[in-house]
Amino acid sequence: MQTLAFANNDQMPILGLGTWKSAPGEVGTAVKEAIRIGYRHIDCAAIYGNEAEIGAALKDLFAAGVVRREELWITSKLWNNAHAQPQVTEALRGTLDDLQLEYLDLFLVHWPVAFRSGVVFAAKPDEFLSLGKVPLRETWAGMEDCVHERLTRHIGVSNFKPDHLEEICQTAEITPEMNQVELHPFLQQPELLEYCRKKNIHLTAYSPLGSGDRPDVLKKAEEPSLLKNDIVGAIARRKSCSPGQVLIRFAIERGTAVIPKSTNPARLAENLKAADIQLSKEDMAELGSLEAGFRYVDGSFFTPVGSPYTLEFLWG
Ligand code: A2P
């Protein structure tokens, strides 16, 4: 499989398995099946609430000799309630305990948003911490501590816009190597791609299929469907592949990593095969015409009345 090369020549498989929304009781089986059929990159996060089950699955796979630790690329993310510098290594140690691993390949700051310590999901204004209280550069210093302590090989961010990246780069000793953001034909973010390319920051596309299994509270009344889109469907018919495969290949053609989520064995296999599909310039142009500035994960859950965070701060 194609890889993204990091500065030290570590190679991240361009297609990984997403695990957000993979339910307890299902995620372990899905990870085992994925690795059995050839996935080598698993995208995790503490807030997904399923890292312990993933860890148990990995332990079984290693014990059975299906795969070795060094053949896998494992990513996880720092949750918003552990942004103070000393909390960062502590949070990563918790994730490593859950995953039963000695190190991660990549650790990301999940959002440029901070909560008070102990708050799982801030709902009231006083449960948030403003970035004045815990600046992103302080969180980033904690991420660098994780590298120095060899708890992770690489560090990066998620849901960061160029302003947020600039802020941490001013004092960074290790520059971020990855920004994981929502990317698909309805939200192509060309300026962010250009910015990250210039700065040698890789991108990973999350919600590449439109994340249709999000809880209803995270959905808008009328959402466009990527998987049911006519242009995506027409390209899929022409290529004798599925709409999901077209969407996954779209991300790879743009030079970004991509992490479709599935817990279904047939779709896990289908998604992995997308790495081998070819899309022509014309196909890419047709998909490019679908740009709509539409976010499935718009961050509005961080902006209740009185929150120090706004949509303008996140994306504007
Ligand atoms: P399932 O887990 O039952 O396969 P995203 O990666 O954008 O978050 O999207 C995940 C959603 O897309 C899940 O509901 C997942 O369901 C579904 N899905 C995953 N792969 C495919 C596919 N190839 N075709 C259609 N739906 C898919």
task: Residues being over 27 Å from residue 42 (Cβ atoms) and of a type in the set (A, V, I, L, M): count how many of those fall in the range 263-316.
output: 6
query: Which of the following residues is farther than 29 Å from residue 81 by Cα, of a type in the set (A, V, I, L, M, F, W, C), out of contact with any strand residue (DSSP E or B) (no Cβ under 7 Å at 6 or more places or on another chain) and not in a loop (DSSP other than H, G, I, E, B): 47, 35?
result: 35
- prompt: In this structure, does residue 255 turn out to be outside any loop (DSSP other than H, G, I, E, B) and modelled with pLDDT of 95 or more?
  reply: no
query: Given the conditions (1) more than 30 Å from residue 212 (Cα to Cα); (2) surrounded by fewer than 18 Cβ atoms within 10 Å (Cβ to Cβ), and given that residue 139 satisfies all but one, which numbered condition is not satisfied?
result: (2)
field: Any pair with Cβ under 7 angstrom, 6 or more apart, that starts in the range 194-221 at a residue that is closer than 21 Å to residue 48 by Cα and ends at one that is of a type in the set (D, E, K, R) and not in a strand (DSSP E or B)
entry: 213/21; 214/21
- prompt: Is it the case that residue 237 is more than 9 Å from the ligand (Cβ to nearest atom), free of Cβ contacts under 8 Å to residues at least 40 places away in the same chain and either over 10 Å from residue 209 (Cα atoms) or aromatic (Phe, Trp, Tyr) (or both)?
  reply: yes
- prompt: Given the conditions (1) within 16 Å of the chain's Cα centre (by Cα); (2) in a loop (DSSP other than H, G, I, E, B); (3) over 26 Å from residue 304 (Cβ atoms); (4) not hydrophobic (A, V, I, L, M, F, W, C), which single one is not true for residue 65?
  reply: (1)
message: Taking the condition of being within 13 Å of the ligand (Cβ to nearest atom), surrounded by 19 or more Cβ atoms within 10 Å (Cβ to Cβ) and charged (D, E, K, R), how many residues in the range 22-54 meet it?
response: 1
field: Contacts under 6 angstrom Cβ, first residue in the range 20-36 being under 17 Å from residue 59 (Cα atoms), partner more than 9 Å from the ligand (Cβ to nearest atom) and not in a helix (DSSP H, G or I), 6 or more apart
entry: 24/50; 27/19; 27/50; 34/17; 35/67
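Got at least one residue in the range 149-162 being away from the ligand (no atom under 16 Å from the Cβ), farther than 29 Å from residue 70 by Cα and in a helix (DSSP H, G or I)?
Just the residues of the range 149-162 that are away from the ligand (no atom under 16 Å from the Cβ), to begin with: 149-157, 160-162.
Still in the list and also farther than 29 Å from residue 70 by Cα: 161-162.
Okay, now just the ones that are also in a helix (DSSP H, G or I), so 162.
Scanning the range 149-162 turns up at least one residue that is away from the ligand (no atom under 16 Å from the Cβ), farther than 29 Å from residue 70 by Cα and in a helix (DSSP H, G or I).
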query: Consider residue 221 against the criteria (1) modelled with pLDDT under 95; (2) among the small types (Gly, Ala, Ser); (3) in a helix (DSSP H, G or I): it satisfies all of them except one. Which criterion is unmet?
result: (3)
query: Just one of 270, 282 is surrounded by fewer than 15 Cβ atoms within 10 Å (Cβ to Cβ) and outside any loop (DSSP other than H, G, I, E, B); which is it?
result: 282
Residue match in the range 210-219 (condition: of a type in the set (Ser, Thr, Tyr), within 12 Å of the ligand (Cβ to nearest atom) and at positive phi): yes
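The values are calculated or read from the model by the stated rules, or taken from the named source; none is laboratory data. Being a predicted model, the structure only gives us computed values, none of them experimental. Here the Cβ is made from the backbone with ideal geometry for all residues, glycine too, and neighbour counts use every protein chain on show.
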